[in-house]
Amino acid sequence: MTNFSDNFPLGDRNTFGLDATARYWAEFRTTGELRDIILACRERHLPWYVLSGGSNLILTGNFPGVVIHPAAAEITLPEATLVRAEAAVVWDELVAWTVERGLGGLENLSLIPGLAGAAPVQNIGAYGAEAKDTIETVEYFDTETFDTVRIKGADCAFGYRDSIFKGALKGRAIVTAVEFRLVPEDTPGGGGYTYNIGYGDLHDRVEALGGPTLDHIRRAVIAIREAKLPDPAVTGNAGSFFKNPVIPAAQAERLREAYPEMPGYPSADGETVKVPAAWLIDRAGWKGFRCGTVGVHPKQALVLINLGGATAQEILNLARRIIADVERKFGIALSMEVNVL
Ligand SMILES: Cc1cc2nc3c(=O)[nH]c(=O)nc-3n(C[C@H](O)[C@H](O)[C@H](O)COP(=O)(O)OP(=O)(O)OC[C@H]3O[C@@H](n4cnc5c(N)ncnc54)[C@H](O)[C@@H]3O)c2cc1C
């Protein structure tokens with residue numbers, strides 16, 4: 001098949017560093033190229049999967065179909081405060097681009113690995129901000145109708161690490177571009193931009209740099225992340241392996257009787273509480289755990305790590321042990337944030 005590379009190695013294409021191959025690898029720049037790829041998949045009855053930065057992915061084996069990878073990576077400014085990023089823009093390069101131009105809204109999401117096209121799929125989030133806060137429109141190719149669709153952020157069913165692209169449009173939509181509505185740091189005529197530094201130790205870090213600016217927030221976030229999270233180029237990982245569980249407020253209250261120090265973030269209606277999975281895993285004694293080729297990061301219990309030569313099965317087995325243990329100790333069922341292919 002033209003433009004298809006066969007038996008393509010994926011070891012360097014996923015941040016866990018898992019060895020696997022794709023029967024075919026195909027890159028697209030335009031929707032025309034994407035259409036041709038999907039047509040070829042249909043003709044040959046081949047399954048397809050979109051792999052962008054591979055930073056939220058577990059590859060459980062060789063993929064028998066076509067791994068589709070976006071290649072167009074242009075950033076443009078259709079309006080003074082509207083930034084458009086094609087799917088293959090490196091996420092952190094986009095954040096840097098906006099901060100350099102004094103446009104606020106993405107700075108708290110600095111240094112998250114991956115490409116811009118995956119940001120709405122995952123509704124990436126960090127330090128009190130989520131992609132959904134600024135996404136105005138997502139452009140995607142509909143692999144059933146072959147249309148290019150523009151969907152409003154408000155219609156993307158964004159939730160915690162969740163979106164319509166993981167729900168109703170899963171396996172159907174391929175994101176080709178994302179538009180973000182940002183706010184100038186120095187709004188003409190006053191008003192100004194509201195910095196978001198209330199989360200964790202961000203406030204103190206930003207103050208130490210001289211107070212809030214987009215650049216200081218970006219630098220503080222990068223410093224915190226570099227200190228806490230393993231660099232995938234050195235230690236294979238996929239960031240947070242588990243989602244933070246949301247439990248009924250009554251259950252949180254009962255747990256606080258046994259664990260008064262348990263952190264929790266109540267929902268606006270007070271009905272539920274989000275409990276940091278990292279605290280549960282740490283309290284259950286798993287932080288820093290190592291077993292053969294896999295382990296739990298010593299500085300961040302949410303991150304499972306490949307100590308060298310791990311297989312997907314070994315990582316998933318460790319994840320299952322942690323899930324079972326947390327459930328036994330706290331009665332809370334953790335779910336995985338990472339996508340499994
Ligand atoms: C060290 C580290 C730290 C991290 N920190 C954070 C964090 O703070 N917050 C956070 O939210 N995440 C974090 N992550 C997870 C990860 O960076 C994000 O989920 C990121 O958005 C994944 O982007 P990617 O391009 O690597 O996507 P991939 O891993 O390639 O894909 C992820 C999923 O999205 C789908 N997908 C990707 N691109 C497209 C597309 N164009 N169209 C349709 N579907 C697509 C894939 O099929 C897959 O299901 C971290 C990961 C690592 C390794």
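The values are calculated or read from the model by the stated rules, or taken from the named source; none is laboratory data. Computed from a predicted structure; not experimentally measured. Methodologically, a virtual Cβ is constructed for each residue, glycine included, from the backbone with ideal geometry; neighbour enumeration extends over all protein chains shown.
Which fully enclosed helices (runs of 4 or more DSSP H) of the range 201-314 have 2 or more residues being small (Gly, Ala, Ser) and in contact with a Pro (Cβ under 9 Å, 6 or more places away or on another chain)? Quick ask: steps written out before the conclusion?
Values: elements: 202-208, 214-228, 249-258, 277-283.
Correct list: 249-258.
Could you list all residues from the range 119-170 that are assigned to a helix (DSSP H, G or I) and of a type in the set (D, E, K, R)? Spell out the reasoning first.
Quick first cut of the range 119-170, residues assigned to a helix (DSSP H, G or I) only: 119-122, 131-133, 153-155, 164-166.
Within the range 119-170, 132, 133, 155, 166 qualify.
Considering only residues that are surrounded by 13 or more Cβ atoms within 10 Å (Cβ to Cβ) and either modelled with pLDDT under 95 or away from the ligand (no atom under 12 Å from the Cβ) (or both), which ones fall in the range 167-185?
179, 180, 181, 182, 183, 184, 185
Can you report the number of residues in the range 214-241 which are within 13 Å of residue 126 (Cα to Cα) and of a type in the set (A, V, I, L, M)?
Residues meeting the conditions: 6.
Residues in the range 90-97: is at least one farther than 25 Å from residue 185 by Cβ and either within 16 Å of the ligand (Cβ to nearest atom) or surrounded by 23 or more Cβ atoms within 10 Å (Cβ to Cβ) (or both)?
Our first condition is that a residue be farther than 25 Å from residue 185 by Cβ; within the range 90-97, this holds for none.
Within the range 90-97, none of the residues are farther than 25 Å from residue 185 by Cβ and either within 16 Å of the ligand (Cβ to nearest atom) or surrounded by 23 or more Cβ atoms within 10 Å (Cβ to Cβ) (or both).
Suppose we filter the range 30-59 for residues that are within 13 Å of the ligand (Cβ to nearest atom) and not hydrophobic (A, V, I, L, M, F, W, C); how many remain?
8
Going by the conditions given, is residue 133 assigned by TED's automatic domain parsing to the domain that holds residue 159, away from the ligand (no atom under 11 Å from the Cβ), acidic (Asp, Glu) and within 15 Å of the chain's Cα centre (by Cα)?
Details: assigned by TED's automatic domain parsing to the domain that holds residue 159: yes; away from the ligand (no atom under 11 Å from the Cβ): yes; acidic (Asp, Glu): yes; within 15 Å of the chain's Cα centre (by Cα): yes.
It is true that residue 133 is assigned by TED's automatic domain parsing to the domain that holds residue 159, away from the ligand (no atom under 11 Å from the Cβ), acidic (Asp, Glu) and within 15 Å of the chain's Cα centre (by Cα).
Do you know which residues across the range 5-32 are surrounded by fewer than 15 Cβ atoms within 10 Å (Cβ to Cβ) and in contact (Cβ under 8 Å) with a residue 24 or more places away in the chain?
Answer for the range 5-32, where residues must be surrounded by fewer than 15 Cβ atoms within 10 Å (Cβ to Cβ) and in contact (Cβ under 8 Å) with a residue 24 or more places away in the chain: just 30.
Name the single residue that is farthest from residue 214 (Cα to Cα) among those in the range 103-126 being among the hydrophobic types (A, V, I, L, M, F, W, C) and more than 6 Å from the ligand (Cβ to nearest atom). First the steps, then the outcome.
Looking only at the range 103-126, we keep the residues that are among the hydrophobic types (A, V, I, L, M, F, W, C), and these are 103, 106, 109, 111-112, 115-116, 118-119, 121, 124, 126.
Narrowing the set further to residues that are more than 6 Å from the ligand (Cβ to nearest atom) leaves 103, 106, 109, 111, 116.
On the way: 103: 8, 106: 9, 109: 11, 111: 14, 116: 20 Å.
Per the stated criteria, the residue is 116.
Could you check, for the range 190-205, whether at least one of its residues is among the charged types (D, E, K, R), surrounded by 15 or more Cβ atoms within 10 Å (Cβ to Cβ) and touching a strand residue (DSSP E or B) at 6+ places or on another chain (Cβ under 9 Å)?
Checked the range 190-205: no residue is among the charged types (D, E, K, R), surrounded by 15 or more Cβ atoms within 10 Å (Cβ to Cβ) and touching a strand residue (DSSP E or B) at 6+ places or on another chain (Cβ under 9 Å).
When you go through (1) at positive phi; (2) away from the ligand (no atom under 13 Å from the Cβ) one by one for residue 17, which number turns out not to apply?
All conditions pass for residue 17, except number (2).
One residue is enough: does the range 159-166 have a residue meeting the conditions more than 10 Å from the ligand (Cβ to nearest atom) and touching a strand residue (DSSP E or B) at 6+ places or on another chain (Cβ under 9 Å)? Lay out the reasoning, then the answer.
Our first condition is that a residue be more than 10 Å from the ligand (Cβ to nearest atom); within the range 159-166, this holds for 159, 162, 164.
From the residues that got through so far, the ones that are touching a strand residue (DSSP E or B) at 6+ places or on another chain (Cβ under 9 Å) too are 164.
So far as the range 159-166 goes, yes, one or more of its residues are more than 10 Å from the ligand (Cβ to nearest atom) and touching a strand residue (DSSP E or B) at 6+ places or on another chain (Cβ under 9 Å).
Being within 27 Å of residue 272 (Cβ to Cβ) and not in a helix (DSSP H, G or I), is that true of even one residue in the range 172-194? Can you show your working first?
Keep residues of the range 172-194 that are within 27 Å of residue 272 (Cβ to Cβ), which gives 194.
Still in the running and not in a helix (DSSP H, G or I): 194.
Yes, because at least one residue in the range 172-194 is within 27 Å of residue 272 (Cβ to Cβ) and not in a helix (DSSP H, G or I).
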